[in-house]
Amino acid sequence: MSASPPTPGEAGTLDELWPTPSTSIDISARLAGDDRTPPDGRPWVTMVMISSLDGAIAIDGVSGGLGGPADHARFVAARRQMDAIVVGARTATAENYRPAAVPIAVITGSLSLDPTARLFSDPARQPLLYTTTQAAQDRGDQFDGIAEVIPLGDSLEPLAVLVDLRRRGLLTVALEGGPTLNGQFLGADLVDEALLSVSPLAVGGTGSRLASGPALGPDHRFCLDRVLRGGDLLFVRYLRDRA
């Protein structure tokens, strides 16, 4: 007797709803086939996020409760396509980040991360900490041997982070939040692609949106590239419309 076909979302498989309806799509292979040619002078930036049906990006401060096997498979597959991960310090702390197969770049104005956190547990995979020059002078020595501290002057401009990552030969990065950092990258028009998961949960409350910051102009538009489904979760890929 032949095995039953995999349920969407199991073993990294999803159903593609648009533009080409198909079942049991291998999400890793699908993402690997996408063009992510980096712009001049910086890496390609992919914002990877999940939100609830009513717009929440976390339950009790973390995103894990919104997803499930399908979203986890999509998240892992997206990371595998990237040369680096960019994340804000609050998100790295709240989600208890661990070392990854690619460099993790944490943007932290105050350098207030806990040096004993799991993120710093592997000397062979040290994170990059982008911070202000003052914070680097005040607290940088606390991360000797466990991270590379990179001072960027008086402010932390997203483009300066990306330029440094490109200088290191990193051509694609996953932007994983939080809302303030997402808002800064969107506001600077540095997001080339958005991989968004929409959870069927309604959460309520007063939690953060996917991005926060100044309002963006009406021309800041993304084009729908793909819609997939894993169980009751939707997965969409948007590309920045720069035409």
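When both the range 214-237 and the range 142-168 are represented by their alpha-carbon centers, they are found 29 Å apart.
Largest first and in whole Å, the equivalent-ellipsoid semi-axes of the chain read 31, 20, 18, each the square root of five times a Cα gyration tensor eigenvalue. Axis angle, to the nearest 10 degrees, between helix 69-80 and the longest C-alpha principal axis of the chain: 50 degrees.
For the chain, the relative contact order comes to 28 percent (Cα pairs under 8 Å, sequence separation of at least 6). Backbone geometry of the range 235-243 corresponds, through the Karplus equation with coefficients 6.51, -1.76 and 1.60 at θ = phi - 60°, to 3J(HN,Hα) couplings of 10, 10, 10, 10, 10, 4, 8, 9, 5 Hz, x marking Gly and Pro. Computed over the chain with a Gaussian network model linking Cα atoms closer than 10 Å, the most mobile of 93, 46, 116 is 116.
Computed extension length for residue 125-residue 94: 9.2 nm, one decimal, from 0.36 nm per residue of separation with the Cα-Cα distance subtracted. Taken over the alpha carbons of the range 1-140 as equal point scatterers, the Debye sum produces base-10 log I(q)/I(0) values at 0.12, 0.13, 0.14 Å⁻¹ of -0.64, -0.73, -0.83.
Computed extension length for residue 142-residue 80: 19.3 nm, one decimal, from 0.36 nm per residue of separation with the Cα-Cα distance subtracted.
Sorted from greatest to least, the principal axis extents spanned by the alpha carbons of the range 159-207 come out as 42, 17, 15 Å. Simple spin-label estimate for residue 133 and residue 188 gives 1.8 nm between the two label positions (7 Å along the Cα-to-Cβ direction from each Cα).
Every number here is computed from the coordinates shown, using simple stated rules; none is lab data. In this text, all values refer to a predicted model and were calculated from it rather than measured experimentally. Heads up, the Cβs are rebuilt from the backbone with ideal geometry, glycines too, and the neighbour counts pull from every protein chain shown.
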